[in-house]
Amino acid sequence: MKSEKKHNSKLTTLTKLFLSTLYISAFTFGGGFVIITFMKRKFVDELHWIDEEEMLNLAALAQSAPGAIAVNAAILVGWRVAGFLGMIVSIIGTILPPMIILSVISFFYAEFATNLYVTFALKGMQAGVAAVILDVVFGLGSNVLKEKSILSVTILIAAFIATYFLDINVIFIILAAIMVGIMKELIYLRKEHTL
Amino acid sequence: MIYLQLLLSFMQVGLFSIGGGYAAIPLIQNQVVDTHSWLTLNEFTNLITIAEMTPGPIAVNSATFVGIRVAGFGGAVISTFGCILPSCFIVSLLAFIYYKFKGVSTIQSVLSSLRPAVVALIAAAGLSILQLVLFNDDSIMLKNINWIGAATFLTAFIILRKWKWNPILVMSLCGVFSLIINLI
């Protein structure tokens, strides 16, 4: 009886995970960071499965590994929420929508790419995507400011300038942030040692 | 045989594209156009346009498209499987390390420096999309402002910030609004 209940709740979690990733993936236009903002809204704000700090850690991991960020993030969130099965379920949820859409489009792709209605609707949706991302950025950014750490704010600004204005490869930015973290720890340890 | 070729090609794409979407494009081109001639360069350019207009990672979109053209639906499944397989192993390994050592203070320190960097990366991604929306071509000048785009963005942003509407609903409404206003 008890194990059946447990089994059922696991099944509910997996179903919810599948439907959430399917839904997010079907509507997420643009690169991998877009899907991370949608995942944050869904899994952190709505379902409370993951806290905000951990979501950002997972985002950093997803970004650091090779492959599509959306798929990497799905793997991590899936593992975190429901283990191995969760990973499989959320990968399938994430890749199914693009697979279906691209399969359909591959049969009449030239017409699709030049269709005026499609272009209009997509243009408007771009505005919506920009709004969604910047809304999430406002929330995340104000939490970084709340830490009242000069180092965090400096990293935020420096990373932004590096990627947006200087077009520096994301990998180098991630590596630099990792180095800063290690150095901070070393300096802290040395201070403690000399005291 | 063709299945094996597709699998190996897209495994390479999955394994070596670090840094998401745009990083994968040259790798896909190398495999699909230069090495195997599965698509012409023109077809490939169309594919990238479509991939950017439709949901999903560019690598998965390309794998599906190329796979279907070369070997039908089975080809699409095999290619997609190939491009996510390396991620599954590497990401699982990273996750294992993360959960095993996340209490260690060095890892904590690294993660706390990574978080603001990730916020900055998300901000930059959002702003480059906003730039596409606000200006009619690449040059950022006042006379090039797309007022409809700007108004759509602002309205959507305020609705999201103030009333916390469902983001996917807001996005779909933006699409419908843009379609209607362009047709009038």
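So the values come out like this:
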{"read-out": "B:F10 vs. criteria more than 10 Å from chain A (Cβ to nearest Cβ), in contact with a Cys (Cβ under 6 Å, 6 or more places away or on another chain) and not β-branched (V, I, T)", "value": "yes"}
{"read-out": "Meets criteria (closer than 19 Å to A:K184 by Cα and either buried (at least 16 other Cβ atoms within 10 Å of the Cβ) or in contact (Cβ under 8 Å) with a residue 60 or more places away in the chain (or both)) for B:S79", "value": "no"}
{"read-out": "Enumeration of residues in the stretch B:130-179 that are farther than 19 Å from A:F29 by Cβ, of a type in the set (V, I, T) and facing another protein chain (nearest Cβ under 9 Å)", "value": "B:I158"}
{"read-out": "Only listed residue being among the hydroxyl-bearing types (S, T, Y), more than 8 Å from chain A (Cβ to nearest Cβ), under 28 Å from A:A121 (Cα atoms) and free of Cβ contacts under 8 Å to residues at least 40 places away in the same chain, chosen from B:T54, B:T49, B:T45", "value": "B:T45"}
{"read-out": "Filter result (assigned to a helix (DSSP H, G or I), touching a helix residue (DSSP H, G or I) at 6+ places or on another chain (Cβ under 7 Å) and over 28 Å from B:S128 (Cβ atoms)) within the stretch A:11-61", "value": "A:T13, A:L14, A:L17, A:F18"}
{"read-out": "From the options B:S79, B:S62, residue that is assigned to a helix (DSSP H, G or I), in contact with a Phe, Trp or Tyr (Cβ under 6 Å, 6 or more places away or on another chain) and small (G, A, S)", "value": "B:S79"}
{"read-out": "Criterion: at pLDDT below 85 and closer than 30 Å to B:F96 by Cα - qualifying residue of A:L175, A:L189, A:L156", "value": "A:L189"}
{"read-out": "Residue within the stretch A:98-113 that is within 22 Å of A:I36 (Cβ to Cβ), surrounded by 21 or more Cβ atoms within 10 Å (Cβ to Cβ), within 25 Å of the chain's Cα centre (by Cα) and of a type outside the set (A, V, I, L, M, F, W, C) present", "value": "yes"}
{"read-out": "Helices (runs of 4 or more DSSP H) wholly inside the stretch A:109-195 that include at least 1 residues being of a type in the set (A, V, I, L, M, F, W, C) and within 14 Å of B:V110 (Cα to Cα)", "value": "A:150-160, A:170-194"}
{"read-out": "Selection within the stretch A:65-105 - hydroxyl-bearing (S, T, Y) and more than 7 Å from chain B (Cβ to nearest Cβ)", "value": "A:S90, A:T94"}
{"read-out": "The listed residue being touching a strand residue (DSSP E or B) at 6+ places or on another chain (Cβ under 7 Å), within 9 Å of chain A (Cβ to nearest Cβ) and not hydrophobic (A, V, I, L, M, F, W, C), out of B:S92, B:S87, B:S112", "value": "B:S87"}
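Table: residues versus (1) under 27 Å from A:V153 (Cα atoms); (2) at pLDDT below 85.
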position	(1), (2)
B:R69	no, no
B:T80	no, no
B:L94	yes, no
B:Y99	yes, no
B:V104	yes, yes
B:I140	no, yes
B:A150	no, no
B:F157	yes, no
B:W163	no, no
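The values are calculated or read from the model by the stated rules, or taken from the named source; none is laboratory data. In this text the structure is predicted, and so the values were computed from the model without any measurement. A quick note on method: Cβ atoms are made from the backbone with ideal geometry, for glycine too, and the neighbour counts reach across all protein chains shown.
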